1. Neighbour counts of other C-beta atoms within 10 Å: give me 61, 56 arranged from fewest to most.
2. Between residue 39 and residue 106, what length comes free when the chain is fully extended (0.36 nm per residue of separation minus the Cα-Cα distance, one decimal in nm)?
3. Show me 48-54, 26-32 ranked by packing, highest mean number of other Cβ atoms within 10 Å first.
4. Computed FRET efficiency, Cβ-Cβ of residue 74 and residue 95, R0 30 Å: what is it to the nearest 0.05?
5. Among 6-16, 65-75, what's the highest-first ranking by average C-beta atoms within 10 angstrom per residue?
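What follows draws every value from the coordinates through simple rules; no lab data is involved. The structure displayed is predicted, hence computed values, not measured ones. Because the Cβ atoms are built from the backbone with ideal geometry, glycine has one as well, and the counts that use them run over all protein chains shown.
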């Protein structure tokens, strides 16, 4: 008699994101608690915590309209967020590469040492 192993926290987060991306709609928490167990296998008791962790990580947007709280996430936002992060990382890489080259050239200059006869000796790295 084997029991089915439950999903890990990260797997539940991924399943919830799939739900948002597939539906491309906004939901109230009650709706998510009904839909997630049927479509993605995420137990209804865990939905609130999972959605809140996604909101905290800015992967899911939320807004309170009147007395209702709505949640949504669209693939286009995720794509633009990834592009922005990639651009930021590329610019940081370029800056770091420039600093490395500058440091390397300064180090090479510092390694020039004069021997006893006044001739410069180059100690290559």
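1. 56, 61
2. Working: separation 67, 0.36 × 67 = 24.12 nm, distance 6.06 nm.
18.1 nm is the gain from fully extending residue 39 to residue 106.
3. On the way: 48-54: 17.6, 26-32: 16.0.
Per-residue mean Cβ counts within 10 Å order the peptides as 48-54, 26-32.
4. Working: r = 32 Å, r/R0 = 1.07.
After rounding, the FRET efficiency stands at 0.40.
5. Details: 6-16: 15.4, 65-75: 13.1.
Packing order, densest peptide first, comes out as 6-16, 65-75.
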